[in-house]
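The values are calculated or read from the model by the stated rules, or taken from the named source; none is laboratory data. These numbers were taken from a predicted model, which means no experiment stands behind them. Virtual Cβ from ideal backbone geometry, glycine too; neighbours counted across all protein chains shown.
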């Protein structure tokens, strides 16, 4: 089985499983109709609000493309973050005209999380053009204040499904809406690409209620799949469940143990197996094709596959995480 065919089936299943939500929030499917769309699919991207903008932004004649990434920053890097990092690396390979904005407006944030991501990316691209927008950015705070005045509290409660939420949740909502609205203050000719996922769909719905009032170009929202849990293909990796994820700081023994006990599946296991999804983040295309074809064609069980591939995948994970482990204290 070709790599793209395998990845395309995974993306299609993700789209089908979330079809109602995608329609509800105006997310258009990425389909393999063009070479760009095939590349997007191979990099775990399943949807966008505007395909034309996305295509136009990768025209070499266009000046600097702003890439906006909102983050929490209170977690060590794990495989779920590799989805995001691999997407950033894809954009960097597609264009030399990128500037990446890392956004976290929480007060007194720990910037080490951002530094880890930048350090990881710099391993592949030495001169990354980026800026950190935090609670010290006056223009961003002014924008946040303006957004707070535009939002009717009843609208927030209705769209977010809240009854009596704490003030922290409202602040987080304002932070996310400010991140989505940064095209207002970046002063660029091109609308920014907002890297996001389906969990942020309600923030997008809120954003649409204030977009015209802010008089800004609609950003290009690009949605990537979430990394599935090691324990179930229907759940995502979560820091709330240690057994569901692999941290890049994990030891070789811990990684092997987690992959060994990971979900493999029964029928069509090549599309749900956690070993294959983990391998996809760190192995080459040819290495993945070999493992996929062995899974489909060789009449061996999952235990045989794990025994033959765990060390290869674990070695790559250790190598990818080594620079971070040396530079930062977890």
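Numerical summary
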| item | result |
| --- | --- |
| Qualifying residues in the stretch 165-185 (those that are at pLDDT below 90 and in a helix (DSSP H, G or I)) - the one farthest from the chain's Cα centre (by Cα) | 167 |
| Residue match in the stretch 245-267 (condition: part of a helix (DSSP H, G or I), out of contact with any strand residue (DSSP E or B) (no Cβ under 7 Å at 6 or more places or on another chain) and touching a residue at least 60 places away in the same chain (Cβ under 8 Å)) | yes |
| Test for residue 188: is it modelled with pLDDT of 90 or more and either surrounded by fewer than 15 Cβ atoms within 10 Å (Cβ to Cβ) or not assigned by TED's automatic domain parsing to the domain that holds residue 258 (or both) | no |
| Candidates 20, 10, 53 - the one that is part of a helix (DSSP H, G or I), over 14 Å from residue 196 (Cβ atoms) and under 17 Å from the mean Cα position of the chain (by Cα) | 10 |
| Condition met for residue 83 (part of a strand (DSSP E or B) and at pLDDT 90 or above) | no |
| Residue among 64, 31 that is out of contact with any strand residue (DSSP E or B) (no Cβ under 7 Å at 6 or more places or on another chain) and either without any contact (Cβ under 8 Å) to a residue 24 or more places away in the chain or surrounded by fewer than 20 Cβ atoms within 10 Å (Cβ to Cβ) (or both) | 31 |
| Matching entry among 198, 214, 226, 206 (being surrounded by fewer than 19 Cβ atoms within 10 Å (Cβ to Cβ), touching a residue at least 40 places away in the same chain (Cβ under 8 Å) and closer than 24 Å to residue 15 by Cβ) | 226 |
| Qualifying residue in the stretch 280-288 (condition: in a helix (DSSP H, G or I) and touching a strand residue (DSSP E or B) at 6+ places or on another chain (Cβ under 7 Å)) | no |
| Given (1) part of a helix (DSSP H, G or I); (2) surrounded by 14 or more Cβ atoms within 10 Å (Cβ to Cβ); (3) touching a residue at least 12 places away in the same chain (Cβ under 8 Å), index of the condition residue 157 fails | (3) |
| Failed item in (1) at pLDDT below 90; (2) in contact with a helix residue (DSSP H, G or I) (Cβ under 7 Å, 6 or more places away or on another chain); (3) farther than 25 Å from residue 206 by Cβ, with residue 31 passing the rest | (1) |
